[in-house]
Every structure is written in structure tokens, then in C-alpha cells.
1. I'd like the Karplus ³J(HN,Hα) series for the range 305-322: coefficients 6.51, -1.76, 1.60, θ = phi - 60°, whole numbers in Hz, and an x wherever there's a Gly or Pro.
2. Fewest to most neighbouring Cβ within 10 Å: what's the order for 225, 270?
3. Which ³J(HN,Hα) values, rounded to whole Hz and listed in residue order, are derived for the range 270-281 from phi using the Karplus coefficients 6.51, -1.76 and 1.60 in 6.51 cos²θ - 1.76 cosθ + 1.60 with θ = phi - 60°, glycine and proline given as x?
4. Among 101, 35, what is the fewest-to-most ranking by other Cβ atoms within 10 Å?
5. Local charge sum around residue 340 (other residues, Cβ-Cβ under 14 Å, Lys/Arg +1, Asp/Glu -1)?
6. Provide 45, 96 in ascending order of the number of other Cβ atoms located within 10 Å of each residue's Cβ, fewest first.
7. Using alpha carbons only, how many degrees (0 to 90, rounded to 10) separate the axis of helix 190-200 from the longest principal axis of the chain?
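Laboratory data are not the source of any read-out in this text; all were calculated from the coordinates shown. Not measured: the values here are computed from a predicted model. Heads up, the Cβs are rebuilt from the backbone with ideal geometry, glycines too, and the neighbour counts pull from every protein chain shown.
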Amino acid sequence: MSAGASFAYRRVSLWGALATKLVAAWGLGWDIQWHMTIGRDSFWIPPHLMIYGSVVVGLALGWGVLAYEWWRGIPTTRGFRLAALGLVLVVLAAPIDDLWHRLFGLDVTLWSPPHLLALFGSAVSTLGCLLISVELYSLRSRAGRTALILAGALLYGGLRVTLDPSWLYAYTYGGILFHAFAMLATLILPLALVTAARVSALRWAPVFAVLVSFAVGVVGQQIARAGFEIIQPVSFVGDEVAKDASSPIAVGREIAEKNQTVPPPSWALRLALPLVPAALMVLADPRRRPGAAAIVYGVGVFSAYAWFLSTLPAYAPLTPTAVETATALLITVAYGAASGLSARWLAARLAGDAPAPRPGRERPVAGLTSPGR
């Protein structure tokens, strides 16, 4: 039996884990819509079942590999350990989230401690999948690059969802925080995009990751729509809004009502807003200049969303002064520099410290001895 065949179970586990993450991403998108339009009547709502059912399958795959290799005396890989640890954090977040709702009510923000713990655990687990892809496949193999792009897209999508409450801060406070999304996006999203480019050695990896993430989101919206039509849950979120007009859900509904006076953005615009900054990042070549690429990306996000918000009735009156905008732009540039350096460090930890490849040449990945390379 060849070395590659003898370790085929690792590859099965990797692709199974990526599949469960796709289902969990769809469940998360539906869960957010459920909270905003229905409310949270129980932990056992369908989107939660999608999310945590996927987590259970992911746990079985990851910990199954660890248990089997411990039993057989096979040295396991960093990727599987990281992926398994991340899912443990997600599981721990579930009872904490249920307790949080019991103590503080149904209407909470995505930035509550249990939600952030679950999102962090999911990101750690996805990083583990990205590392497993590096450990199991050659950088030039089609399967390896597909796994890397898919893992990078899922990481990007998860981080992107985490930024959603920034729109509420922009609406509530205005001023410099009018650009809260752009500043936070510049600080956080290059951790996925630049890392994917440097680990995969693909200059266009950020664009591919955004495209895949967008497609995953579109499919998730259709799944949520079908789920609502089938289940037809009864909304009680209006009662919760009436209790506290300053709650995150109340503010979100207020923003949506004001923006109903203009047509919703087209699919082309929704795609262009994240895709154009990613393309600008590619032009700066994140493989070789991660700091510059992250800064260029941040300026692109800042410009795109400053324009977009100015077209929305809810945000147009809040357009900040020139001084506030310049200050926010400087912060964005600083965040871009910090994020680029962090992504370079992260990619080095995942794929070794070898320099980025020249065009047409493959970078060797240091410290990896897994078969099938």
C-alpha cells in the first residue's frame, strides 16, 4: 500500500470537515435572519440544528482521526489538532450562549461573549483545515489549491459575518465610527485573504476566496428562504423591539425601514463591493508585499463603502466631516499595515518560513513530512 493510500482517511476527514463548515455557514446565515425577523424562542431552532449538527459531524471526523492515530501510534499533524481544538471551543460556546439568553433575554448582539467564542472557535478550526490542506497536498496540485481556496473563503466569510454589528455603530454614533466597518475589515479580513495568498502561492487567491464566499452566501440565502417558507415560524420580534427601542434588533429594523425607500442593491453591486478591494490587493501582490497589499485593500474597502453608505437614506445624513473622514482613513491605513504583518506571521506559522515564490515557481513548505506530497 502506498503512503498516499495509507493516509487517505486524512483526506476524507479534511473534505468532510470542509463540507460540514459549508453547512454551518449556511446555518449561521439563516440563524442571523431568524434572530432579526423571528426572535429566539428556543435553542433548538432549525438554524441552530444545522450549525451544531455540522459541528458534531466535524468533531467526529477530527477527533476520530486523532483517536485512530493515537491508537495506531501514528504521529498526528498540527492541522488536525488545531481543527479539533477549534470545534471544542464552538461546543463550549453553546451552553454559555443558552445561559446568556436566560440571564439577559432574547435580544442580544452578535458581539456577545458566547457568540464571539463560537466564532473564534470556528475560525481556529478553519485555520486547522487550511493547515491540513498544506500538510496533505502539493501546492501545485489541483486538489490542494481547491482545498486551500475553499478553506480561505470559509475563513473570510466567517470573519466577515463577525463585522456585521459595525453597521449599527456607524448608524448610532456617526463621526469616525461611520467608517467602522471599513476600519475593522482592514484590520481583520486580510488575515484570511493575505494568508490564503501566501500559503497557496496563488496571487489571485483573495479574489477567488471572495468569489467563493459570495457564492456560499447566495446559496445560504436561498436555503434560509426555503426554510422559512417550509416552517413558517411565527415572529414575536416586534414585542422584543417594543420593550427596548435601543436594542440591536430594534436599531437594525429602523435602518432597514429607512432604506426601504430606495431599491435594494443589485447582485452585481453586492459582489463588486468586496471584490474590487480584493482585486486591488491582488495588484499589490500579497504573496510578496503583504503589508502594502493589506493597506491597498483597506483603502479600497474604505472608498467603496464610504460611497455606498452615502447612497443609503439611513446613513446619508450621517456623512462625517472631512477631518473625521481623514482620521478614519489614517486609522484604516495603520490597521492595514498591522494586519498585513499579522497575516505574514500567520502564513509563516502555517506553511513554513520560506520566502514567497517567484512567478512560475513553487515554494517548498518547511517542516511538513506528511505523505502524499
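1. For the range 305-322, the Karplus-derived couplings read 7, 4, 5, 4, 4, 5, 8, 9, x, 5, 9, 3, x, 9, 3, x, 6, 4 Hz, x marking Gly and Pro.
2. With the fewest neighbours first, 225, 270 line up as 225, 270.
3. Result, rounded to whole Hz: 4, 6, 5, 4, x, 6, 4, x, 5, 5, 5, 4.
4. In order of increasing Cβ crowding within 10 Å: 101, 35.
5. Its environment carries a net charge of +4.
6. 96, 45
7. 20
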